[in-house]
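Input: a single structure, listed below in structure tokens.
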Amino acid sequence: MKRLFDLLIVFLAAVFLLVPIVFVALLVRITSVGPALYWSKRVGRGNRIFTMPKFRSMRVGTPAVATHLLDNPEEYLTQIGSFLRKSSLDELPQLWSILKGDMSFVGPRPALFNQQDLIDLRTEAGVHVLLPGLTGWAQINGRDELPIGQKVAFDVEYLNRRSLTFDIYIIYTTAARVIRRSGVAH
């Protein structure tokens, strides 16, 4: 049922977001050197590594670490990088990962391949059995501001409460937070 829901939303989103996706891709290419997409190694279901696309908001050559681990993240942002992140437009290419089945609309946000502390905590808590999501319970309860332990606690809560109704609530709340641009540090 969840996979059908994901596919339905992807196709509906693709119809409405095709023009903005093309526009953002062009903007990224025009305003910075390098490709429009950044393919990030992420940890998926069962701790399997997959590549997840995002619109590139950081300069080419930025270290592949979580943004909060950079000494001065702002110095790595492209001209429109901050806007892409605050508006969550950088996340639009992840529709591809949902279509492929590497991700779902709702689930724990996929960890970077080198975030071993997060990967270990999720594995220990049993969260690694879930498909990662474009958004999730932890996302709407703090996004970039949550410490790893708290993020995993929200992921466990999602694991225990997951249902179509809960997913719809998370998607609705995500949309409201994106519109208000709340919870984004960079």
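We did not get these values from a lab; they are worked out from the coordinates using the rules stated. This structure is a prediction, so every number in the text was calculated from the model and none was measured. Note that each Cβ is placed from the backbone with ideal geometry, even for glycine, and that neighbours are counted across all protein chains shown.
Quick one: compute the contact order of the stretch 2-180, relative version, from alpha carbon pairs under 8 angstrom and 6+ residues apart, as a percent.
21 percent
Give, rounded to the nearest 20 debye, the magnitude of the charge dipole that the stretch 2-180 has about its Cα centre when Lys and Arg contribute +1 at Cβ and Asp and Glu contribute -1 at Cβ.
460 debye
When the helices in the chain are scored as -39500 (n - 2.57) per DSSP H run of 4 or longer and the sum is shared across all residues, what 222 nm value do you end up with, to the nearest 500 deg cm²/dmol?
-15000 deg cm²/dmol
Within the stretch 1-62, list the trypsin sites (Lys or Arg not before Pro) lying in a DSSP loop whose Cβ has at most 13 other Cβ atoms in a 10 Å radius.
R48
Classify the stretch 2-180 from the C-alpha gyration tensor, please: rounded if a/c falls under 1.5, else prolate or oblate depending on whether a/b exceeds b/c.
Oblate, since a/c reaches 1.5 and b/c is not below a/b.
Just to be sure I understand the rule: take each whole DSSP H helix in the chain, project its Cα atoms onto its long axis, keep it if the span is 18 Å or more and its mean Kyte-Doolittle hydropathy is at least -0.5. Which ones pass?
2-31, 148-161, 164-180
Which of rounded, prolate, oblate describes the stretch 1-96, given a ≥ b ≥ c as roots of the alpha-carbon gyration tensor eigenvalues and a/c under 1.5 marking rounded, otherwise prolate only if a/b is larger than b/c?
Cα axes put the stretch 1-96 in the oblate bin.
Once you keep just the Cα pairs under 8 angstrom separated by 6 or more residues, what percentage relative contact order results for the stretch 1-103?
It comes to 29 percent, rounded to a whole number.
What ³J(HN,Hα) values, in whole Hz, does the Karplus curve 6.51 cos²θ - 1.76 cosθ + 1.60 give for the stretch 36-53 when θ = phi - 60°, with x put for Gly and Pro?
6, 9, 10, 9, 9, 6, 10, 9, x, 4, x, 6, 7, 7, 9, 9, 10, x
Sequence gap of 8 or more, or different chains, plus Cα separation below 19 Å: how many lysine pairs satisfy both in the chain?
Close lysine pairs under the 19 Å cut-off: 5.
Among Y76, Y172, Y158, which one shows the highest mean-square fluctuation when the chain is modelled as a Gaussian network with alpha-carbon springs under 10 Å?
Result: Y172 has the largest fluctuation of those listed.
Counting only residues 5 or more places away or on other chains, whose amide H sits under 5 Å from the amide H of A111 once H atoms are built in the peptide plane?
Long-range HN contacts for A111: V43.
Could you check what % of the DSSP bridge pairs in the chain are antiparallel, to the nearest 5?
If I count the DSSP bridges inside the chain, around 85 percent turn out antiparallel.
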